[in-house]
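Below is one structure, written out as structure tokens; comments come after it.
The values are calculated or read from the model by the stated rules, or taken from the named source; none is laboratory data. Everything numeric in this text was worked out from a predicted model, so none of it was measured. Here the Cβ positions follow ideal geometry from the backbone for every residue, glycine too, while neighbour counts run over all protein chains shown. These accessible areas exclude ligands, DNA and RNA; they are computed on the full protein's heavy atoms, side chains included. Shrake-Rupley method; radii C 1.70, N 1.55, O 1.52, S 1.80 Å.
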Amino acid sequence: MARILVTGGTGYIGSHTVVELMQQGYDVLIVDNLSNSNIEVLDGIEQIVGKRPDFCRMDCLDYPGMDRLLSQYSDIRGVIHFAASKAVGESVEKPLLYYRNNIGSLVNLLELMRAHAINNIVFSSSCTVYGQPSAEHLPVDETAPIQKALSPYGNTKQINEEIIQDEAHADKSLHAIILRYFNPVGAHPSALIGELPNGVPNNLMPFVTQTAAGLRQKLRVFGDDYNTPDGSCIRDYIYVVDLAKAHVKAVERMLAETAEEQVEIFNLGTGRGLSVLEILRTFIRVTGVDIPYEIVGRREGDIEQVWAEPHKANTVLGWKADTPVEDVLRSAWNWEKHLRGIK
Ligand code: UFG
């Protein structure tokens, strides 16, 4: 079976994807600098799959190191590139760090792929490229206009998409699948891997589960005066295991060489928008754990509402996010309980 290089493979989405790839029989090589993940994730993967993935602690910015590694692993047929800095707020404080990490890594990888005759890349992008879609573009599909990024982080995703397009134009042997994620949540049903936020979580779901576990006093709901049915923001929350499976589909598609275009773009979402308050109420209902919360002012830079039109991924990729949100929220809570040793 083919080997896939997974950069950022010990991270949240990366680790779930490694599990799905290995369960489908792929050999995996993870490259991760562990800047925002933990080496013990490998134990979780091994427990789930029954086999340990090959791992190299390395930064994708280390060009000679990556070059040596790709020479050593001459069986790599494709790359899934997750490794990136991803905190929106931090990117505003440290834009150059984000440009260096997120742009430099991709440029290195594409150069090295060419040098080592690896022609397939799956790239982690984000629905952030759409900004706030206008009403006629909701749900948002892949043809909606790209809007000026609201943060350096978002800008790195847009620039990376352009870099891939330009390189594919120059190198006709390159095939790329760009996946635009909506809001990944939940954890593997085994509760052996999941999200490991650094410090105080910025994202909704880890904040909710940490509040449920008693680590945080209360959840702050950022705004209830938006132009939405209950006034809180709407997102498309997608189960991380469903998301991981989409990557396997993308890899299969590239290896089968059935892509119609050199660069294909897919939205990965459920097609359903849920508000912050709906998520909160559903979480309380399915777990039976109360979450103290207060409504506070809007968070700067938040998009009011966005959810996916996933038709293209459903039909072309043959993939659908179909895990019920109740199961997703339960999985997030089970993971938090596992982490904190809560029965
Ligand atoms: N929220 C709260 N309280 C919190 C945290 C979040 O009310 O403590 C709300 C936010 O205001 C937002 C929703 O929950 O309405 C979701 O917020 P997240 O931070 O979980 O997710 P975002 O949609 O803001 O951001 C995500 C990714 C980014 C990506 C962006 C693209 O985290 O990487 O989607 O839209 F850029």
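Taking the criterion of being assigned to a strand (DSSP E or B), within 13 Å of the chain's Cα centre (by Cα) and not hydrophobic (A, V, I, L, M, F, W, C), the residues of the range 211-244 that qualify are Y237, Y239. When E278, E294, E300 are screened for being without any contact (Cβ under 8 Å) to a residue 40 or more places away in the chain and over 17 Å from the mean Cα position of the chain (by Cα), only E300 passes. Of all the numbered requirements in (1) under 19 Å from the mean Cα position of the chain (by Cα); (2) more than 10 Å from the ligand (Cβ to nearest atom); (3) surrounded by fewer than 19 Cβ atoms within 10 Å (Cβ to Cβ); (4) not aromatic (F, W, Y), P145 misses one, and that requirement is (1).
Selection of first residues in the range 190-210 that are among the small types (G, A, S) and more than 13 Å from the ligand (Cβ to nearest atom) and of second residues that are part of a helix (DSSP H, G or I) and open to solvent by 40 Å² or more (accessible area, probe 1.4 Å), restricted to Cβ pairs under 6 Å at least 6 apart or on distinct chains, gives the following pairs, ordered by first then second residue: A191/N334; A191/H338. If you check L109, L97, L179 for being within 16 Å of the ligand (Cβ to nearest atom) and assigned to a helix (DSSP H, G or I), only one passes: L97. Residue by residue through the range 279-304, note down the ones that are outside any loop (DSSP other than H, G, I, E, B), surrounded by fewer than 21 Cβ atoms within 10 Å (Cβ to Cβ) and within 11 Å of the ligand (Cβ to nearest atom). Of everything in the range 279-304, those that are outside any loop (DSSP other than H, G, I, E, B), surrounded by fewer than 21 Cβ atoms within 10 Å (Cβ to Cβ) and within 11 Å of the ligand (Cβ to nearest atom) turn out to be L280, Y293, E294, I295, V296. Mind checking which residues of the range 59-77 are over 19 Å from G8 (Cβ atoms) and of a type in the set (D, E, K, R)? The answer is R68, D75. Picking from residues in the range 122-142 that are touching a Lys or Arg at 6+ places or on another chain (Cβ under 9 Å), part of a loop (DSSP other than H, G, I, E, B) and open to solvent by less than 40 Å² (accessible area, probe 1.4 Å), the one that is farthest from A259 (Cα to Cα) is G131. Consider the range 306-333. How many of its residues are out of contact with any Pro (no Cβ under 8 Å at 6 or more places or on another chain), farther than 28 Å from V263 by Cβ and of a type in the set (S, T, N, Q)? Final tally of qualifying residues: 1.
Just one of the listed residues (A87, A83, A117) is open to solvent by 40 Å² or more (accessible area, probe 1.4 Å) and in the same structural domain as S15 (by TED's automatic domain parsing), namely A117.
Of everything in the range 155-210, what is out of contact with any helix residue (DSSP H, G or I) (no Cβ under 9 Å at 6 or more places or on another chain) and modelled with pLDDT under 95? Give them in sequence order. Answer for the range 155-210, where residues must be out of contact with any helix residue (DSSP H, G or I) (no Cβ under 9 Å at 6 or more places or on another chain) and modelled with pLDDT under 95: N198, G199.
Would you check if V200 is among the aliphatic types (A, V, I, L, M) and open to solvent by 10 Å² or more (accessible area, probe 1.4 Å)? So V200 passes the test.
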